[in-house]
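A.B. asks: Take this structure first; my questions come after.
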Amino acid sequence: QMMDMPSRYAFNLTAAAPLPDRLLPFLRFAYLTDASEVQRLTLDDLQRPVSPANEAAATSLLAAHLRSRIAKYRTTIEEDTRTIEDASVSAKAKVAARLLRIEKGILLAALEQLSAVMPGEGGDAGPQPELHPKLS
């Protein structure tokens, strides 16, 4: 644990905060490769990009994780909406579709918010270090 940031932390993505305030600073810290930076930087310093390579690694990892999570759903938001609007669908199926639509909306909002700060064209950050935080 350094800079009041535990080595393991759960970040809750919500509709109000699809990209939690401490998530990018946590990933920026995780991707520091220079020991002197680890000693020198404060949590306030990590609120902004540390270096182009660090920012590319942190944001591309998060973007890939968000895309992976979205891809695991069996339905699209549009299909969920059709299920919700279908009069022949059971109430239980409609509730499930609403929940799925909310979850996907949060993930998409987080990806959109992240895209606004990602370096490079279309979020292409180039190669990543081999060792990186595991997002689950």
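FYI, it's all coordinate maths here, none of it is from the lab. No experiment lies behind these values; they were computed from the predicted model shown. Note: ideal-geometry Cβ built from the backbone for every residue, glycine included; neighbour counts use all protein chains shown.
A.B. asks: I'd like the trypsin sites (Lys or Arg not before Pro) in the stretch 57-104 restricted to DSSP loop residues with at most 16 other Cβ atoms within 10 Å, sorted by number.
C.D. replies: Loop-located and lightly packed - LYS72, ARG74.
A.B. asks: Can you compute the modelled spin-label distance between ALA17 and GLU112, with each label point 7 Å from Cα toward Cβ, in nm?
C.D. replies: Placing both labels 7 Å beyond Cα along the Cβ direction yields 2.0 nm.
A.B. asks: Below 13 angstrom from the Cβ of ALA58, what's the summed charge of the other residues (Lys, Arg +1; Asp, Glu -1)?
C.D. replies: Here the count lands on +2.
A.B. asks: For the stretch 22-117, what is the relative contact order in percent, using Cα pairs closer than 8 Å and at least 6 residues apart in sequence?
C.D. replies: 26 percent.
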